[in-house]
1. Taking loop as defined by DSSP and a crowding limit of 16 other beta carbons within 10 Å, which chymotrypsin sites (Phe, Trp or Tyr not before Pro) in the range 297-359 fit?
2. Which log10 I(q)/I(0) values does the range 198-319 give at q = 0.11 Å⁻¹ under the Debye formula, counting every alpha carbon as one identical point scatterer?
3. Report, for the chain, the % of DSSP beta bridges that are antiparallel, rounded to 5.
4. Assign one of three labels to the range 1-138, namely rounded, prolate or oblate, based on the Cα gyration tensor with a ≥ b ≥ c the square roots of its eigenvalues; rounded applies when a/c is under 1.5, prolate when it is not and a/b is larger than b/c, and oblate otherwise.
5. Can you compute the modelled spin-label distance between K11 and R61, with each label point 7 Å from Cα toward Cβ, in nm?
6. Which pairs, out of K145/K216; K11/K354; K259/K327, put more than 22 Å between their alpha-carbon atoms?
7. At R0 = 35 Å, how high is the FRET efficiency between V336 and Y165 if r is their beta carbon distance? Nearest 0.05 is fine.
8. Report the label-to-label distance for D180 and E113 in nanometres (one decimal), using points 7 Å from each Cα along the Cα→Cβ vector.
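The numbers here are math on the coordinates, done by the rules we state, and not lab data. Just so it is clear, the model here is predicted, and its values are computed rather than measured. Heads up, the Cβs are rebuilt from the backbone with ideal geometry, glycines too, and the neighbour counts pull from every protein chain shown.
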Amino acid sequence: MSNPKITTDLKKLRHNLDVLSKKITNDGMSVMGVTKVFCAHPEIVKEYEECEGITYLADSRIENFYNYPEDSEKLRVLLRLPMLSEVDEVVEAVDISLNSELKTIRNLNKAAESLNKKHQIILMVDLGDLREGIFYQEELMKTVKEIMTLNNIYLLGLGVNLTCYGAVIPDYDVLKQLEDYKELLEGEFDLSLEVISGGNSSSLHLIDDPESEIPKGINNLRIGEAFVLGGETAYDNKLENMHQDVFSLTAEIIEFKNKPSYPIGNLGVNAFGEKPDIEDKGDMDRGIIAIGRQDVRFEDLTPVDSNIEIIGGSSDHTIIDFTKAEKDYQVGDEVVFHVNYGALLSSFTSPYVKKEFKK
Ligand SMILES: *Cc1c(COP(=O)(O)O)cnc(C)c1O
């Protein structure tokens, strides 16, 4: 297959899905498998679909749900708050959406009514991370009170998102507030909140931590990064018995020459308006690979060969210092990289990066 390409090892991914979903369900919680980082690529979604420990499939963009198998048995969850302009598609494409705005919920109700459907929502509460969610208790009560009057909306539960904007780390006390809200609302209104969704991959450290725990009332987690990269995201630790190398990115060398390391002439700004900070290391073996910022930020890549180093790049080119390489690299050779979340996201989004699957 031609380059550049992002390769997914489906066996390793499946291992991660099985191991982690089992761990979470054993801890008394259901799992939403989040498919947005790989743009819900059908080959990968299939593994999520077949994984028993995953009850829901979740994504942040409506377009991605059209990649799901039509006969999927899992419930579909829209993670990003719906736009007013897409409420019809939301009601049509997903079973559940996360919400925080009454105006949007009223419109979802209308859309559901015209389709003769009941749309389920999880109401988002903000516990201090300051991305989405209702922050004040008074607003929460008022919102739930009105939701109870909407015939085509079913309030499935409450959710919180943490460690996304404010980098707030989930702990027992933070998540206990969500449980308290559940009890408060169930006491005040005639309802039972079935799903209490306690966050994303940044809540996983609580499962392993002998000093802490997840409050009993929390019965769901929405997991994206941990499944694909094998780590929790509160402290960036690897998770035990999980693969961190499900994905790799490959690019091809298009120039390989021995040249000076310091530019010659008066220095201004580079292609991105930045003043480059370049160290003079004498002559070096320099190679250019055919991948650039239009595909992925080179800062998000780590060469698998630890003897080589990325030294810079522009829209279509990434430059590598091969001076210390033990392998005899040449034009036409492939260079392989480990990816982080950002690199994964942009590789799957770029139409120029081919998608390869190892079965
Ligand atoms: C992306 C997202 C997730 C998954 O987060 P990870 O850190 O990748 O596990 C969960 N919830 C919401 C609302 C999201 O947008």
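1. Sparse-neighbourhood loop chymotrypsin sites (Phe, Trp or Tyr not before Pro): Y352.
2. Computed log10 I(q)/I(0) values: -0.59.
3. 45
4. prolate
5. Distance between the two pseudo-spin positions: 3.2 nm.
6. Over 22 Å apart, Cα to Cα: K145/K216.
7. 0.60
8. Between D180 and E113, the simple spin-label model gives 3.7 nm.
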